[in-house]
Amino acid sequence: MKVSARLRKGYAHTVTFEHHTLIVDEPQESGGADTGPRPTALLGMSLASCTAITIEMYADRKQWDVGDLEVDVDYELDPKGTSRFDVTLKLPTTLNDEQVERLRVMAGRCPVHRVLKGEVEITDRVERV
């Protein structure tokens, strides 16, 4: 997979993946124009959306009705220490305890969750254009 970020204006960048485009920026208090979410917010958004989709897919296979599923992610990022993500699943009361526990376990199996909990290798390189 390849994602590209290209400067728009100030700190705002157009981020593209395949045929999808987002604008990412910094808030005004950080010198941006707040024309889109900040990069660190995208991380939380990725975890919330991936968790929700994973739960929906699992529930669909089991034919469980999860209603208007909502996933909230509260997070604190600490580049020098331990970052913390609190994921809250908002599930209907019609699900029994066993179903709820199974969905909680499945939430932890979403690809973004697994990447965040696993080892990550990043290689930086420069190309002059």
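The values are calculated or read from the model by the stated rules, or taken from the named source; none is laboratory data. Please read all numbers here as calculations on a predicted model, not as lab measurements. Don't worry about glycine lacking a Cβ; one is built from the backbone with ideal geometry, like all the others, and counts go over all protein chains shown.
What the table below lists for this structure:
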item	result
Residues (closer than 15 Å to Leu116 by Cα and either touching a residue at least 40 places away in the same chain (Cβ under 8 Å) or of a type in the set (A, V, I, L, M, F, W, C) (or both)) located in the range 50-90	Cys50, Thr51, Val73, Leu77, Phe85, Val87
Count of the range 68-114 residues which are among the small types (Gly, Ala, Ser) and at pLDDT 95 or above	2
Ser46 polar (S, T, N, Q), under 21 Å from the mean Cα position of the chain (by Cα), within 30 Å of Glu127 (Cα to Cα) and in the same structural domain as Glu127 (by TED's automatic domain parsing)	yes
Subset of the range 89-129 (residues that are within 29 Å of Ser4 (Cβ to Cβ), of a type in the set (Lys, Arg) and assigned to a helix (DSSP H, G or I))	Arg114, Lys117
Residues located in the range 61-88, provided they are assigned to a strand (DSSP E or B) and either under 13 Å from the mean Cα position of the chain (by Cα) or over 21 Å from Pro39 (Cα atoms) (or both)	Glu70, Val71, Asp72, Val73, Asp74, Tyr75, Phe85, Asp86, Val87, Thr88
Only one of Tyr58, Tyr11 that is on the phi < 0 side of the Ramachandran plot and in contact with a Gly (Cβ under 9 Å, 6 or more places away or on another chain)	Tyr11
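Residues are listed down the side, and each one gets a yes or a no for (1) in contact with a Phe, Trp or Tyr (Cβ under 9 Å, 6 or more places away or on another chain); (2) at pLDDT below 95; (3) assigned to a strand (DSSP E or B):
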| site | (1), (2), (3) |
| --- | --- |
| Met1 | yes, yes, no |
| Arg6 | no, no, yes |
| Val15 | no, no, yes |
| Leu22 | no, no, yes |
| Gly32 | yes, no, no |
| Gly44 | yes, no, no |
| Ala52 | no, no, no |
| Glu56 | no, no, no |
